[in-house]
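A short reminder: the numbers here are calculations on the coordinates, not readings from a lab. What you see is a predicted model; the values in this text were computed from it and never measured. Every residue, glycine as well, gets a Cβ built from its backbone with ideal geometry; the counts of neighbours run over all protein chains shown.
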Amino acid sequence: MFSKKMQEALNDQIHHEMESAYIYLAMAAYFAEENYPGFTHWMKMQFDEEMIHAFKFYDYIHSRGAKVVLQAITQPPAEFDSPLSAFETALGHEQKISADIHNLYALALEEKDYPSLSFLQWFIDEQVEEEEHVGGVVEDIKRVSGSDQGLLMLDRELGQRLPPSPEEE
Ligand code: OFO
């Protein structure tokens, strides 16, 4: 059974994923302003990925015959203290999203909503990757400890990020 409570929680998650996309777009704008084209590119790819996540929830709710209700998106911050601070914010955000997904999974379990459990499994695995990727960038930035040359190298490296793969869709 697809309860009202589960439908509302999944609708909330569309909102969280779109809010994630918006935060990463704000970070891309910050990095563009600061002349880091690679970090900008990485954040735009992250924006695309979050939109794919939002649409997965959107399509899933429809596939179960329920209604999608969109919510207002909060204005994201426009300024960050440094590249490290932006990526640390991104990591904290991903940890929060992981907790949201775990709560959804726990609710599906409680309600014996097996289709939702199956649907959410992909997101549980995805969040492990998301935290690993963003956490890896945080560690790399810490390792170069603010050196301009190190940041430039990282910027070039992150500029190579490929668009979300077909299995994301
Ligand atoms: Fe949708 O994974 Fe990030 O937020």
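Set the Förster distance to 25 Å, then compute FRET efficiency between Glu111 and Ile52 from the Cβ-Cβ distance, nearest 0.05.
0.45
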Percent RCO, i.e. relative contact order, over the range 4-168, from Cα pairs under 8 Å lying at least 6 residues apart = 32
note = If unit charges are put on Cβ atoms (+1 for Lys and Arg, -1 for Asp and Glu) and the dipole of the chain is taken about its Cα centre, the option from Gly65, His133, Ala21 lying farthest towards the positive end turns out to be Gly65
request  = Mind ranking 35-44, 70-79 by how tightly packed they are, going by the mean number of other C-beta atoms within 10 angstrom, highest first?
outcome  = 35-44, 70-79
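Quick one: Leu91, Leu120, fewest Cβ neighbours within 10 Å first, how do they rank?
Listed from fewest to most nearby Cβ atoms, that is Leu91, Leu120.
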ask   = What list do you get for Asp140, Asp113 if you sort them by fewest beta carbons within 10 Å?
value = Asp140, Asp113
request  = For the range 4-168, build the convex hull from the C-alpha positions and give me its volume per residue in Å³.
outcome  = 100
inquiry  = I'd like to know which of Ala108, Ser145, Thr40 lies farthest towards the positive end of the charge dipole of the chain, counting +1 on Cβ of Lys and Arg and -1 on Cβ of Asp and Glu.
reply    = Ala108
message = Can you order the peptides 7-14, 21-28, 123-130 by their average number of other Cβ atoms within 10 Å per residue, highest first?
response = 21-28, 7-14, 123-130
ask   = Where nothing but the Cβ of Lys and Arg (+1) and of Asp and Glu (-1) is charged, how large is the charge dipole of the range 4-168 around its Cα centre, in debye to the nearest 20?
value = 440
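Taking neighbour counts of Cβ atoms within 10 Å as a proxy for exposure, in what order, fewest first, do His53, His16 appear?
Lowest to highest Cβ neighbour count: His16, His53.
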ask   = Restricting to lysine pairs 8 or more places apart or on different chains, what number in the chain have Cα atoms under 28 Å apart?
value = 18
query = So how far apart, in nm, are the two label points at Lys67 and Glu34 if each is 7 Å from Cα heading toward Cβ?
reply = 4.3
